[in-house]
Structure formats: C-alpha cells, structure tokens
Amino acid sequence: MSERPSNSMPRSVGPFYASLVDRCVEGIIGALGERDVEAILLTGAPARGEATVANLPEGPYSLSDVDLACIARPGSETPELRRRLAAWVSAANEELDSECTGVDASIKTTGSGVYPLIATYEMLRSPAVVWGDSAVLDRLPPVRIEDVPAWDSLVLLHNRTVEQVLMLEALAPSEPCRSHAVTDLRTQLRLAYACGKYLLDSVTALLFLRGNVPLTYAQRADLFERDVLARPESARLLDGVEKVLADIRIWSSFKTTGDLTGLRALRTGEAQPAGAEGGRSDLLTTARSCYLRYAACSGVLWRETLGGVLGVDAHGLSVEDTVALYTRLEKPLKKLGRSFKMLRSPAGRTGLFSASRVAGLATFASPRQLAYLTAVLAYLGLAPGGQTQQLDRLIARVCPFRVRRGFERLPLPQKLAVLAERLQVFHAVVLRGREAAPSR
C-alpha cells in the first residue's frame with residue numbers, strides 16, 4: 001500500500017491506534033479484494049480524534065474499538081462480502097485481543113437510505129476515509145439530529161446499563177455475586193473504562209433528547225454541566241448527578257489522553273493530592289468505586305431519560321410508578337407482535353425467555369423492553385441504601401427470562417447474580433446477534 005491508511009485520520013490520534021487501523025484495513029482488503037470495495041471509513045470517537053490508548057507495563061492497549069465501514073461498489077455481491085467480512089472480523093478479534101478491546105466492520109452501500117438513529121448519526125457526522133476514494137463521503141445519506149427519535153436515547157442508556165450488570169461478577173460488593181478476583185491489568189482497565197462509558201453515554205443520551213450534541217466528549221461534558229444542569233428545570237437532575245460531575249470531566253479527558261494517572265481521583269470521587277496512590281496501581285478498586293457510585297445516580301439518569309422520551313416529569317415518581325411508564329413505550333399491537341416474534345427468534349429458541357412470563361406481560365411491554373427494565377432495576381439494586389424490598393418485588397414481577405425454580409424467594413444479591421447470567425445471553429444473542437447454545 002503506497003500510503004498508510006491512518007494518514008487520513010486526525011493528528012491527535014496516536015501512532016499505536018493508527019497502526020491498528022493500518023493492519024485492519026490491509027486485512028480487510030486482503031479478505032474482500034480491491035475490486036468490490038470503493039472505500040473504507042473509520043467511524044466513532046477515534047475518527048473525531050478521541051482514540052483512547054493506555055500505556056500498560058505489557059505495552060500500549062487501545063480501549064477504543066476499531067470500527068470500520070466498508071463501502072461496497074455498485075453491483076457487488078454484498079451478501080458474499082458480508083460473509084467474508086464476518087469471517088475476517090472473527091479472526092481479527094482473536095489476533096488483536098491483547099492490543100485492543102475489539103474490531104468491528106460492516107458492509108454499507110451509498111445508494112441505500114439509513115435510519116436516523118444515534119449510531120448512524122454519530123457514524124456519518126465525522127467519518128475518516130482510511131482507504132479508497134474520499135469522494136464517497138459526498139454520496140453518503142445525511143442524517144439530521146432533529147430526525148433522531150427520542151426513544152433512541154433510552155435505548156442507548158438501556159444498552160449501557162445492561163453492560164454494567166454484566167460486570168456484576170467482577171465488581172459486585174458482596175460475595176454471592178462475585179466468584180473470582182480479576183488480576184489481569186487489561187481486564188481491570190476495561191472494567192473501569194466501561195463504567196466511564198456508562199457515565200459519558202448517559203450524558204450523550206440526554207443531549208440527544210435536547211437536540212444539541214457537540215462533537216467531542218469533552219465538549220459534551222462542558223455543555224451538560226454549564227448549560228443543561230444550569231437550567232431551573234434541571235434541579236432534580238443536578239441534585240442526582242452532582243457527586244459525579246468531577247467523574248464526567250475526568251472520563252471525558254481520559255478519552256483523549258489515556259493517562260492512567262488522571263484516574264487517581266476516581267477512587268473516591270474526590271481530588272487527591274499529587275503523588276497519591278492511584279492510576280495503574282489498583283484499577284480494580286477504582287472500577288468498583290465507580291461502579292457503585294454510578295449505580296447510586298443511575299435512578300436519576302433513568303428517570304430523566306425515560307421522562308424525556310415520554311414527555312413527563314418522572315423525578316417525583318416512585319420506582320413502581322416509573323416502571324409503570326414502560327407500558328407507554330410501545331403500542332399495544334407492537335408489544336404483542338414483538339413478544340410472539342421474540343419467542344420464535346433464535347434467542348427465543350435457546351430458552352432464554354420464559355414463554356409464560358412473556359405471554360403474561362405481553363400487554364405491558366415486549367420482551368426486549370422487559371429485559372432492559374430488568375437490567376435497570378438490577379443496577380439500581382446495587383446502589384448503597386437502595387429500596388431493596390421494592391426492587392426485589394419489581395424484578396420478580398417484570399423479569400422475562402427463564403429462571404430456576406425458587407428464583408422469587410432468593411435474596412436480592414443472589415437474584416442479581418442469576419440475572420447477570422441471563423443478561424449475558426441477552427446481550428450476546430439479542431443485542432449483538434451472536435449464536436448461543438440452548439439454555440439449560
């Protein structure tokens with residue numbers, strides 16, 4: 001290749017992440033060939049100059065995925081390209097596992113429209129052409145921020161909440177949920193960073209509801225604090241997130257620097273003097289501190305986002321009344337149709353969902369919304385001083401998963417451990433579209 005693909009990326013992206021992009025582009029061209037690919041785009045935060053690379057004793061490690069969109073030439077056999085690309089992605093993730101959190105790539109065509117979701121808006125607002133003809137950008141369909149539906153902000157919050165619950169085994173404060181200690185430094189860093197992503201993307205979700213989302217995370221954090229929280233109508237939101245405002249600033253800075261010493265204040269949520277122990281010395285303690293602190297503010301973030309989607313003030317509602325709002329997220333026929341479809345889907349055939357639970361709740365919410373709601377309640381259940389009995393009862397009521405006999409009588413920590421395992425399958429099969437073995 002006469003010119004390195006990463007040369008077209010923002011200058012703020014460091015050489016290590018740029019080398020990952022170079023290797024991925026060369027691998028994709030080797031797998032698909034040049035004839036059927038018009039261009040390859042780098043998308044996401046790294047394309048905006050926010051690639052997060054940390055220097056560990058084992059060497060550099062990228063917390064930013066390498067997300068690439070391959071623009072197929074007109075007339076190419078896109079199903080075959082997708083098959084070959086999927087095989088390459090699987091192999092690349094194995095090869096680069098020790099160097100970055102993940103690689104993803106997709107086949108796109110310039111002639112087809114795109115649905116205006118947060119993901120497509122973020123992808124198309126600032127892609128970097130890392131291979132091929134840059135003129136392809138002029139033919140990509142535009143996505144306006146005002147066309148992004150409000151409900152997609154709730155989807156973003158829901159997805160990040162599910163990911164928080166998946167970390168329960170490693171970060172839970174009690175032994176019934178935690179089965180082993182995490183000693184690998186990369187894994188500890190990924191856990192801490194996932195907590196930061198929950199916080200930053202919660203802010204992004206709220207900004208999308210207001211139709212104003214700056215390009216970088218640092219700009220988003222600044223707008224959230226100086227504008228959104230300064231408004232009189234945001235008094236309850238401010239009260240709920242005030243203790244994590246410093247964390248939002250720290251994580252938005254870490255996005256571009258990857259400087260582990262900048263994370264030392266996250267241990268307690270308060271600034272520490274220079275030279276205080278922190279950074280890379282105990283990332284797991286930092287991750288656990290963030291995990292529980294963000295669980296404590298998850299209720300206000302949830303109410304603000306859900307209320308913004310439905311056009312109601314949910315802050316004054318009890319948890320039970322807030323849960324009741326989920327019946328308004330979908331039309332009655334949509335709920336029934338999606339319930340039937342989910343039970344017949346690959347996820348349904350694995351036995352992930354309980355047919356009787358799904359059927360009994362079909363007029364309330366679809367299985368996906370029920371799974372999301374279960375994750376929200378589970379994360380709330382980790383908040384110090386939370387409403388344990390009420391959450392315990394609500395989880396047993398809305399959980400759509402097939403669970404072992406006697407689940408309702410389990411103490412809340414053991415319930416959460418069971419739900420984390422079920423949500424792991426939900427995340428893989430429903431949200432990521434991966435195959436899964438039948439549930440036992």
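Give the residues of the stretch 132-147 that are in a helix (DSSP H, G or I) and touching an Asp or Glu at 6+ places or on another chain (Cβ under 9 Å), sorted by residue number.
Val136
Do we find a residue being closer than 21 Å to Leu20 by Cα, crowded, with 18+ Cβ neighbours inside 10 Å and either modelled with pLDDT of 85 or more or touching a helix residue (DSSP H, G or I) at 6+ places or on another chain (Cβ under 7 Å) (or both) anywhere in the stretch 133-140?
no
Let's see how each residue does on (1) among the small types (Gly, Ala, Ser); (2) exposed (fewer than 14 other Cβ atoms within 10 Å of the Cβ); (3) touching a residue at least 24 places away in the same chain (Cβ under 8 Å):
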residue	(1), (2), (3)
Arg84	no, no, yes
Ala87	yes, yes, yes
Glu94	no, yes, no
Asp97	no, yes, no
Cys100	no, no, yes
Asp104	no, no, yes
Lys108	no, no, yes
Pro116	no, no, yes
Tyr121	no, no, yes
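Residue check: is Glu421 surrounded by fewer than 22 Cβ atoms within 10 Å (Cβ to Cβ) and under 20 Å from Met167 (Cβ atoms)?
For Glu421, the condition - surrounded by fewer than 22 Cβ atoms within 10 Å (Cβ to Cβ) and under 20 Å from Met167 (Cβ atoms) - is met.
Please report, ordered by residue number, the helices (runs of 4 or more DSSP H) entirely within the stretch 165-236 with at least 3 residues that are in contact with a Ser or Thr (Cβ under 9 Å, 6 or more places away or on another chain) and either in the same structural domain as Lys255 (by TED's automatic domain parsing) or at pLDDT below 95 (or both).
Passing ranges, in order: 185-209, 217-223.
Grab the strands (runs of 3 or more DSSP E) fully contained in the stretch 1-120, keeping just those with 2 or more residues being in contact with a strand residue (DSSP E or B) (Cβ under 9 Å, 6 or more places away or on another chain) and within 19 Å of Arg190 (Cα to Cα).
Per the criteria, 53-56, 59-62, 66-72, 103-108.
Return yes or no: is Arg35 on the phi < 0 side of the Ramachandran plot, loosely packed, with under 13 Cβ neighbours inside 10 Å and free of Cβ contacts under 8 Å to residues at least 12 places away in the same chain?
no
Which ranges mark the helices (runs of 4 or more DSSP H) fully within the stretch 296-391 that have 3 or more residues being hydrophobic (A, V, I, L, M, F, W, C) and in contact (Cβ under 8 Å) with a residue 60 or more places away in the chain?
Of the helices (runs of 4 or more DSSP H) lying wholly inside the stretch 296-391, those with at least 3 residues that are hydrophobic (A, V, I, L, M, F, W, C) and in contact (Cβ under 8 Å) with a residue 60 or more places away in the chain span 367-380.
Please determine whether any residue of the stretch 422-435 is more than 25 Å from the chain's Cα centre (by Cα) and in contact (Cβ under 8 Å) with a residue 12 or more places away in the chain.
Looking through the stretch 422-435, none of the residues is more than 25 Å from the chain's Cα centre (by Cα) and in contact (Cβ under 8 Å) with a residue 12 or more places away in the chain.
Quick one: how many residues across the stretch 296-324 are closer than 16 Å to Ser153 by Cα, of a type outside the set (Asp, Glu) and either in contact with a Lys or Arg (Cβ under 7 Å, 6 or more places away or on another chain) or buried (at least 16 other Cβ atoms within 10 Å of the Cβ) (or both)?
Summing the residues that are closer than 16 Å to Ser153 by Cα, of a type outside the set (Asp, Glu) and either in contact with a Lys or Arg (Cβ under 7 Å, 6 or more places away or on another chain) or buried (at least 16 other Cβ atoms within 10 Å of the Cβ) (or both) in the stretch 296-324 gives 13.
Can you tell me which residues in the stretch 88-117 are among the aromatic types (Phe, Trp, Tyr) and modelled with pLDDT of 95 or more?
Result: Trp88, single match.
Name every residue in the stretch 334-379 that is touching an Asp or Glu at 6+ places or on another chain (Cβ under 8 Å) and crowded, with 21+ Cβ neighbours inside 10 Å, in order of residue number.
If the condition is that a residue be touching an Asp or Glu at 6+ places or on another chain (Cβ under 8 Å) and crowded, with 21+ Cβ neighbours inside 10 Å, then Ala365, Ser366, Gln369 are the ones that fit.
Please tell me if Val103 is closer than 26 Å to Glu34 by Cβ, out of contact with any Lys or Arg (no Cβ under 9 Å at 6 or more places or on another chain) and among the β-branched types (Val, Ile, Thr).
yes
The values are calculated or read from the model by the stated rules, or taken from the named source; none is laboratory data. Note that this is a predicted model, so its numbers are computed, not measured. We place every Cβ from the backbone using ideal geometry, glycine too, and count neighbours over all the protein chains shown.
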